[in-house]
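Worksheet: one structure, shown below.
Just so it is clear, none of the values below were taken in a lab; they were calculated from the coordinates. Given the structure is predicted, the values throughout are model-derived calculations rather than measurements. Neighbour counts are summed over all protein chains in view; Cβ atoms, including those assigned to glycine, are modelled from backbone coordinates with ideal geometry.
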């Protein structure tokens, strides 16, 4: 009798606005596949103006859906280590970064710990999160707001433009 491993589904948003933005996103997806779980699908790349601190370069963002045997907290720690490997240095909130990997959803679960908040508490307020996720998981239901990604995208107050990047992977 073999051990059955329970697989979790996680929805991530990766992004960055420093260095080789496209290369950094590719490296992030590769390291996620090697260290966190099977990459099921990725969105195109989307370019967005910075949110928060606006005096910085535009961001590239990409939605990623994975299947993983890791629990939510272990996945978060793995994602933070991937950021570190790519060169992320945590400084100012909303500051420029080489890479950022956010855990947006995890199995439709709600986690409210000091270091882990899932679903991401501000995802429904940000077009740069919703547009890439709309491409890969439009019918995913937010476990707190009880609306699909499609419904959240249609009702977000964020008006920052998000455009498909011409060099999508």
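Remarks
- Using the Cβ-Cβ distance between residue 40 and residue 89 with R0 = 45 Å, the FRET efficiency computed as 1/(1 + (r/R0)^6) comes to roughly 0.90.
- Expected 222 nm ellipticity per residue - DSSP helices of 4 or more, -39500 (n - 2.57), all of the chain, to 500: -8500 deg cm²/dmol
- Take every pair of alpha-carbon atoms less than 8 Å apart whose residues are at least six positions apart; their mean separation over the length of the chain yields a relative contact order of 28 percent.
- Residues 43, 112, ranked from the fewest to the most other C-beta atoms within 10 Å, line up as 112, 43.
- Inter-probe distance in nm under a simple model that places probes 7 Å from Cα toward Cβ, at residue 150 and residue 56: 3.3 nm
- Protection proxy ranking for 67-80, 16-29, 145-158, using the average of other Cβ atoms within 10 Å per residue and placing the highest first: 16-29, 67-80, 145-158.
- Residue separation of residue 33 and residue 109 scaled by 0.36 nm, minus their Cα-Cα distance, works out to 25.2 nm of gained length.
- Gain upon complete extension [residue 160, residue 9; 0.36 nm per residue less C-alpha separation]: 51.5 nm
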